[in-house]
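See structure below.
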Amino acid sequence: MSEEPKPRRRQARGERRIAQLLQAAANVFCAYGYTATSTNAIAREASVSPGTLYQYFPNKEAIAIELGERLLTEMREAHGQAFTPANLALPLPEMLDVVVDPMIAFNCENPVFLALMHGSEVPGRIAEEHDALHANLLNSVRDVIAHFAPELSPEERARIADMTFAIFKGGLGLVLAAPEGAEREATIAELKAVLLRYLSPLVTVPH
């Protein structure tokens with residue numbers, strides 16, 4: 001029994017090293033994009049030798065897949081926090097707050113998400129999972145539109161959901177580009193105002 005802590009210590013060290021490598025990869029992907037990033041650049045950013053990196057990941061694609069899957073898991077959790085029955089029952093202005101805030105918070109905390117997911121040569125496995133998540137998000141937005149405006153046809157709901165999501169994505173780019181603090185908060189408020197102005201004429205207030 002005295003030997004049990006050793007494997008656990010080795011496992012903990014390995015997990016810390018993986019986390020270090022993934023954070024370094026996130027930094028480099030953000031700075032140069034997936035295509036221009038090399039394993040040597042990731043190793044330099046992590047302050048380890050390429051040999052150490054290869055003990056944990058065989059290539060850049062494996063690093064991107066591991067990082068992407070972790071990010072997608074966190075994004076699904078943010079999605080789950082945003083689109084709940086309780087949130088859906090709120091008036092539109094309050095509902096926008098509780099839906100938009102966790103999605104913005106995730107992207108502000110993980111700027112590599114957009115850099116990695118929108119790269120032209122992102123591993124297919126991650127691209128497929130991202131596309132599935134994107135489809136689920138659009139379906140959730142359509143459900144919101146249907147809740148507030150049940151008289152709309154499925155085609156109208158889909159079109160409005162697509163436009164709402166496009167507005168959010170465009171505004172998100174401005175949010176991420178804004179300096180942290182008052183300027184970023186003002187940009188977030190402006191994005192919510194745009195969404196509210198777009199959606200308000202289309203929805204009815206639930207009784």
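The values are calculated or read from the model by the stated rules, or taken from the named source; none is laboratory data. Worth saying up front: this structure is predicted, and the values here are computed from it rather than measured. So basically every Cβ, Gly included, is an ideal-geometry build from the backbone, and we count neighbours across all protein chains shown. Surface areas here come from the heavy atoms of the whole protein model, side chains and all, with no ligands, DNA or RNA. Shrake-Rupley method; radii C 1.70, N 1.55, O 1.52, S 1.80 Å.
Annotations for the structure displayed:
- Among the conditions (1) in contact (Cβ under 8 Å) with a residue 12 or more places away in the chain; (2) open to solvent by less than 70 Å² (accessible area, probe 1.4 Å); (3) in a helix (DSSP H, G or I); (4) more than 30 Å from LYS192 (Cβ to Cβ), TYR54 misses just one, which is (2).
- Residue count for region 163-207, restricted to those that are open to solvent by less than 30 Å² (accessible area, probe 1.4 Å) and farther than 16 Å from MET95 by Cβ: 5.
- Residues (touching a His at 6+ places or on another chain (Cβ under 9 Å), open to solvent by 60 Å² or more (accessible area, probe 1.4 Å) and part of a helix (DSSP H, G or I)) located in region 89-140: ASN136
- Test: residue in region 130-139 that is among the polar types (S, T, N, Q), farther than 28 Å from TYR34 by Cα and either at pLDDT 90 or above or touching a strand residue (DSSP E or B) at 6+ places or on another chain (Cβ under 8 Å) (or both): yes
- For region 32-51, the condition of being closer than 29 Å to ALA193 by Cα, surrounded by fewer than 17 Cβ atoms within 10 Å (Cβ to Cβ) and not hydroxyl-bearing (Ser, Thr, Tyr) holds for none of the residues.
- Against the conditions (1) touching a helix residue (DSSP H, G or I) at 6+ places or on another chain (Cβ under 7 Å); (2) touching a residue at least 12 places away in the same chain (Cβ under 8 Å); (3) of a type outside the set (D, E, K, R), MET163 satisfies every one except (1).
- Pairs, first under 19 Å from GLU190 (Cβ atoms) and touching a residue at least 40 places away in the same chain (Cβ under 8 Å) in region 84-110, second open to solvent by 40 Å² or more (accessible area, probe 1.4 Å) and among the polar types (S, T, N, Q), C-beta under 7 Å, six or more apart: LEU92/SER200
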